[in-house]
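Report on one structure; see the data block that follows.
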């Protein structure tokens with residue numbers, strides 16, 4: 001939604017929202033404007049999420065390889081690698097059902 005200085009409001013089109021969420025222009029959201037916007041609002045913007053994840057991974061990898069980091073944490077290097085690789089275990093407490 002865009003609010004102009006004069007108080008006028010303009011809602012984004014579905015196509016504008018698709019582009020903001022980094023979906024391909026070929027991607028089609030069938031249905032009403034309301035349903036399409038709900039789906040887009042619940043979507044994860046893939047390209048920004050990928051950029052954030054890549055950045056975090058680039059920072060974590062050197063730490064896992066660092067003997068000093070492992071020694072400070074009181075963890076053997078092989079254990080540090082296992083901890084970082086076993087990302088599924090980190091999220092198990094958050095799983096529903």
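Each value in this text was obtained by applying a stated rule to the coordinates, not by laboratory testing. In this text, all values refer to a predicted model and were calculated from it rather than measured experimentally. Note that we place each Cβ from the backbone using ideal geometry, even for glycine, and neighbour counts take in every protein chain shown.
Using 0.36 nm per residue, how much length does the chain from residue 11 to residue 58 gain when fully extended, once their Cα-Cα distance is taken away?
Length gained, residue 11 through residue 58: 13.1 nm.
What is the distance, in nm, between label points placed 7 Å from the Cα along the Cα-to-Cβ direction at residue 20 and at residue 44?
2.0 nm
Semi-axes of the range 1-43's equivalent ellipsoid from the Cα gyration tensor, sqrt of 5 times each eigenvalue, largest first, rounded to whole Å?
22, 11, 8
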